[in-house]
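Heads up: the structure comes next, in structure tokens.
Read the figures in this text as sums done on the coordinates, not as results from a lab. Because the structure is predicted, anything quoted here is derived from the model rather than measured. Methodologically, a virtual Cβ is constructed for each residue, glycine included, from the backbone with ideal geometry; neighbour enumeration extends over all protein chains shown.
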Amino acid sequence: MTACRMAAGLQPYLDGALTGEARLTLERHLAGCEGCRRLLEELRQVDDRLRAEPRLAPPEGLAAAIARQAAARQQAMRLVPRRLELVTMGALALAAAGAAVTPYLPPAGLPTATPLLQGALPLAIWGGLAALAAAYFGHTAG
Amino acid sequence: MIATLACRLAGGGSVEADLEARLWQGARRGDERALEELVRRHQGRVYNLAYRMLRSAEEAEDVTQDAFLRALAALPRLRDERAFAPWLLRITANLCITRLRKRVRNPEEALEAADVPAPEEDTLARLELEKALARLPVRYRLALTTFYVEGRSYREAAELVGVPVTTFRTQLYRAREMLRQALGRPEERR
């Protein structure tokens with residue numbers, strides 16, 4: 001590379017980034033500096049080769065394939081809150097059933113005959129299980 | 001006459017803006033056709049950036065796909081649509097950098113990737129340029145690629161790469177200087 005102190009301005013000059021007085025100063029310098037003229041020519045060749053690289057067309061069908069996958073992922077993401085809702089409902093129903101049962105639990109070995117246990121408990125347990133099953137099958141189907 | 005033309009232009013602009021708004025709405029809802037149109041609009045830039053960074057058509061396709069899927073997954077949370085393209089290109093650049101660094105760690109993989117011929121004309125000069133580019137440090141290659149593929153100003157390219165303008169100019173300067181030395185003087189090559 002030329003040792004000329006003006007050489008640092010050659011690339012910005014080539015990029016059109018030098019304007020006004022700075023550009024004129026460099027152009028005046030180039031008229032009298034053989035080393036900088038040669039360096040500028042070499043840089044111009046590099047620049048031309050980089051600009052001449054062809055712009056490639058993406059593979060056929062790539063956009064459609066990406067869109068298909070993206071749409072499927074977005075749909076799956078939308079299903080997540082609904083599943084969480086079902087799981088939460090199921091868990092709450094089971095927890096409520098547990099809380100309702102606790103005060104009425106008979107001593108070990110005795111049968112249960114409280115009306116609350118006969119009616120509400122199976123309903124809450126089955127409801128909770130149904131919600132959990134819906135969340136599970138919704139997940140596997142999605 | 002001029003007023004009519006201005007009205008038409010304004011009307012045309014609003015139709016275009018309306019279509020654009022619908023496209024974004026559709027894409028956010030996960031509409032496949034809207035998503036495909038959005039990908040079509042940006043895939044050329046993403047693919048060419050990836051190809052010039054990686055010099056492998058197969059890897060460029062993988063990276064394009066990965067970059068879009070990452071960007072589109074976060075689309076419902078994107079507030080300003082103008083931020084989409086620069087964001088997508090940054091994701092692409094980062095994915096390319098990760099792959100290039102992996103190649104450095106696995107030289108065999110680097111050789112495999114470098115052996116893939118360019119899909120266009122395989123002239124001697126082109127191969128020479130390919131080799132010279134492949135030897136550049138990753139950051140320099142990214143600076144060159146964003147500047148030439150995207151045809152951007154120093155400031156825009158620096159923002160895209162995520163470095164200060166002065167750093168970007170230094171990287172670009174050194175990259176071109178390394179290429180100039182690698183490719184030799186024109187008269188020496190004849």
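Quote the FRET efficiency, to the nearest 0.05, computed for residue A:75 versus residue A:55 with a Förster distance R0 of 30 Å and r equal to the Cβ-Cβ distance. After rounding to 0.05, the efficiency reads 0.35. What FRET efficiency comes out for the pair residue A:99/residue B:29, r = Cβ-Cβ distance, R0 = 41 Å, nearest 0.05? Approximately 0.50, to the nearest 0.05.
Annotation for residue A:19 and residue B:69: the two label points, set 7 Å from Cα along the Cα-Cβ direction, are 4.5 nm apart.
The mean number of Cβ atoms from other chains found within 10 Å of a Cβ in peptide B:69-79 is 2, as a whole number. Across peptide B:39-51, the mean count of Cβ atoms from other chains lying within 10 Å of each residue's own Cβ comes to 4.
What is the dipole size for region A:1-63, taken about its Cα centre, with +1 at each Lys and Arg Cβ and -1 at each Asp and Glu Cβ, in debye to the nearest 20? Working shown, then result.
Numbers: 9 positive and 10 negative charges, 38 e Å.
With Lys and Arg at +1 and Asp and Glu at -1, about 180 debye.
Can you tell me the FRET efficiency between residue B:98 and residue A:65 if r is taken as the Cβ-Cβ distance and R0 is 22 Å, rounded to the nearest 0.05?
Details: r = 22 Å, r/R0 = 1.00.
Approximately 0.50, to the nearest 0.05.
Spatially, region B:40-109 and region A:18-71 are offset by 21 Å when compared through their Cα centroids.
Starting at 0 and stepping by 10 Å, how many percent of the alpha carbon pairs of region B:15-57 end up in each bin? Calculated P(r), rounded to whole percents: 28, 36, 24, 11. With the simple spin-label model, which puts each label point 7 Å out from Cα in the Cβ direction, the residue B:21 to residue B:124 separation comes to 6.0 nm.
Going by average Cβ neighbours within 10 Å, how do the peptides B:127-138, B:40-51 rank, with the highest at the top? Don't skip to the end; give the middle numbers.
On the way: B:127-138: 16.3, B:40-51: 21.4.
Top to bottom by mean Cβ count within 10 Å: B:40-51, B:127-138.
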